[in-house]
Amino acid sequence: MGSGKAEKYVKKVGASEAYSRHIIWLHDFLASRQKTTLMWADIVLKDKKIIDKLPKDIQMLVWSYAPSEEFRSMIRPVQEAGFDFWVVPGNSMWSTVFPMMPDYEKNIANFARDGHQLGSKGLINTAWNDSGEALLNSSWHAFGWGAEMAWKPIVATEHDAAEQERAERICIFDTNFNFQFFHFYNNENIIADFLR
């Protein structure tokens, strides 16, 4: 932002003001058509001047694709500013052929948990598949895990308890995944183990 045709404008009003005005214009355009604005929260989380100017009926998409012990510290500023929000984890499949399972399993589970406990409107599980190497069908496990966690998130927040709860849920999920996707009836997690 602030290059090309917009350079003079951004220099005149400042980057925060230019960004705020643009988002407000988009919001008003969508609201006039009875639509709700959802926007990525990363820019507003970095600049309080922006978040304070935005209409409170915008719904924020709080995202992170890295595994983390907690996401509450990312969610709270949006929540405390008065916005409804969604949590947005990812399937850890960028610049790679197969997703990074341990990364997305923790990212999705902990984000879903923290979002649910703090009042998220829901979960949007992203699959960017950047750089063109990805084989989309290898993401079905990640998509299913996202649905599982959105439907019934883990509860534990303390590290060891959360790790144990997530491991137990993954074991059950893998058995169901093998049955539903590949019709393995013997309770062996052969496909999920192979992917892992």
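The values are calculated or read from the model by the stated rules, or taken from the named source; none is laboratory data. As the structure is a computational prediction, the values presented were derived from the model and not from experiment. Please note: Cβ atoms are built from the backbone with ideal geometry, for glycine as well, and neighbour counts cover all protein chains shown. Calculation scope for accessible area: heavy atoms of the full protein, side chains included, ligands and nucleic acids excluded. Shrake-Rupley method; radii C 1.70, N 1.55, O 1.52, S 1.80 Å.
When restricted to residues that are in a loop (DSSP other than H, G, I, E, B), open to solvent by 70 Å² or more (accessible area, probe 1.4 Å), touching a Phe, Trp or Tyr at 6+ places or on another chain (Cβ under 9 Å) and in contact (Cβ under 8 Å) with a residue 60 or more places away in the chain, the range 52-81 contains 0. Restricting the range 84-101 to residues that are modelled with pLDDT of 95 or more and open to solvent by 10 Å² or more (accessible area, probe 1.4 Å), the residue that is farthest from ARG196 (Cα to Cα) is ASP84. Scanning the range 35-50 turns up one or more residues that are of a type in the set (Asp, Glu), farther than 19 Å from THR126 by Cβ and open to solvent by less than 60 Å² (accessible area, probe 1.4 Å).
Quick grid of which residues meet (1) open to solvent by less than 70 Å² (accessible area, probe 1.4 Å); (2) among the hydrophobic types (A, V, I, L, M, F, W, C); (3) in contact with a helix residue (DSSP H, G or I) (Cβ under 8 Å, 6 or more places away or on another chain); (4) modelled with pLDDT of 95 or more:
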{"residue": "LEU118", "(1), (2), (3), (4)": "yes, yes, yes, yes"}
{"residue": "ASN129", "(1), (2), (3), (4)": "yes, no, yes, no"}
{"residue": "SER138", "(1), (2), (3), (4)": "yes, no, yes, no"}
{"residue": "TRP151", "(1), (2), (3), (4)": "no, yes, no, yes"}
{"residue": "ALA156", "(1), (2), (3), (4)": "yes, yes, yes, yes"}
{"residue": "HIS159", "(1), (2), (3), (4)": "no, no, no, yes"}
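Please indicate, with yes or no, whether at least one residue in the range 110-132 is touching a Phe, Trp or Tyr at 6+ places or on another chain (Cβ under 8 Å), aliphatic (A, V, I, L, M), free of Cβ contacts under 8 Å to residues at least 40 places away in the same chain and under 24 Å from GLU70 (Cα atoms). Within the range 110-132 (the criterion being touching a Phe, Trp or Tyr at 6+ places or on another chain (Cβ under 8 Å), aliphatic (A, V, I, L, M), free of Cβ contacts under 8 Å to residues at least 40 places away in the same chain and under 24 Å from GLU70 (Cα atoms)), the answer is yes, since at least one residue qualifies.
Return yes or no: is PHE143 open to solvent by 20 Å² or more (accessible area, probe 1.4 Å), of a type in the set (Phe, Trp, Tyr), within 25 Å of PHE194 (Cα to Cα) and in contact with a helix residue (DSSP H, G or I) (Cβ under 9 Å, 6 or more places away or on another chain)? Judged against the criteria, PHE143 is not a match.
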